[in-house]
1. Output the qualifying pairs, or none if there are none: Cβ atoms under 9 angstrom, residues six or more apart or on different chains, first residue in region 1-22 and over 16 Å from residue 62 (Cα atoms), second residue loosely packed, with under 12 Cβ neighbours inside 10 Å.
2. How do the pairs read when you match residues in region 75-89 that are of a type in the set (Lys, Arg) with residues anywhere that are modelled with pLDDT of 95 or more and outside any helix (DSSP H, G or I), using Cβ under 6 Å and keeping only pairs 6 or more apart or on different chains?
3. Specify the residue that is nearest to residue 24 (Cα to Cα); the eligible residues are those in region 59-70 that are surrounded by fewer than 19 Cβ atoms within 10 Å (Cβ to Cβ) and in contact with a strand residue (DSSP E or B) (Cβ under 9 Å, 6 or more places away or on another chain).
4. Out of the residues in region 24-36 that are in contact with a helix residue (DSSP H, G or I) (Cβ under 6 Å, 6 or more places away or on another chain) and open to solvent by 20 Å² or more (accessible area, probe 1.4 Å), which is nearest to residue 95 (Cα to Cα)?
5. Taking the stated definitions as given, is residue 10 modelled with pLDDT of 95 or more and not polar (S, T, N, Q)?
6. Kindly indicate which of 53, 14 is aliphatic (A, V, I, L, M), assigned to a helix (DSSP H, G or I) and open to solvent by 20 Å² or more (accessible area, probe 1.4 Å).
7. For region 70-93, which positions are under 17 Å from residue 50 (Cα atoms) and not in a loop (DSSP other than H, G, I, E, B)?
Amino acid sequence: MSRAFKSQLYEQFARVTKAASSPQRLELLELLAQGERTVEALAGATEQSIANASHHLQVLKQSRLVASRKAGLYVYYRLASPEVFAFLRSVRALAEKQLAEVGD
C-alpha cells in the first residue's frame, strides 16, 4: 500500500468519524437505517428545526454517509451504502457495551 493511498484513506476515515461524532447526526443515521425519509420527517422525528436537520444531513452527505434524491419539492435521504449500516451497527454495539460496563 503506497503512502499516498494510506494518507487518502486516513483522511477519509477522519472525515467519516468526524461527521459521525455528533449525537444528532448519529440519530439521523439510525433513522435512515430504517428507511429513506425526507428532511421534514427527520427533523420532526429528532425534534430539530428543518434548517438544523438539513445542515447535519449536508455534513453526512459530504462525508458520503448518506445520499439524497429530489422528488418534486422534497429531498429524500438514505444511507449511502450497506457499509454505513454496518459501521453504525458496530458503533452502537460498542457504545452499548461500554455503557453497560460503566453501570457495573
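The values are calculated or read from the model by the stated rules, or taken from the named source; none is laboratory data. Computed from a predicted structure; not experimentally measured. No Cβ is skipped: glycine too gets one built from the backbone with ideal geometry, and neighbour counts run over all protein chains shown. Just so you know, the surface numbers come from the protein's heavy atoms only, side chains and all, with ligands and any DNA or RNA stripped out. Shrake-Rupley method; radii C 1.70, N 1.55, O 1.52, S 1.80 Å.
1. Once the first residue is over 16 Å from residue 62 (Cα atoms) and sits in region 1-22, its partners that are loosely packed, with under 12 Cβ neighbours inside 10 Å give 1/9.
2. Short answer, once both residue conditions are applied: 78/36; 78/67.
3. The extreme case among them is 61.
4. Once the filter is applied, the top-ranked residue is 27.
5. no
6. Details: 53 fails: open to solvent by 20 Å² or more (accessible area, probe 1.4 Å).
Of the residues listed, the single one that is aliphatic (A, V, I, L, M), assigned to a helix (DSSP H, G or I) and open to solvent by 20 Å² or more (accessible area, probe 1.4 Å) is 14.
7. Residues of region 70-93 under 17 Å from residue 50 (Cα atoms): 70, 73-78.
70, 74, 75, 76, 77, 78 - these are the residues of region 70-93 that are under 17 Å from residue 50 (Cα atoms) and not in a loop (DSSP other than H, G, I, E, B).
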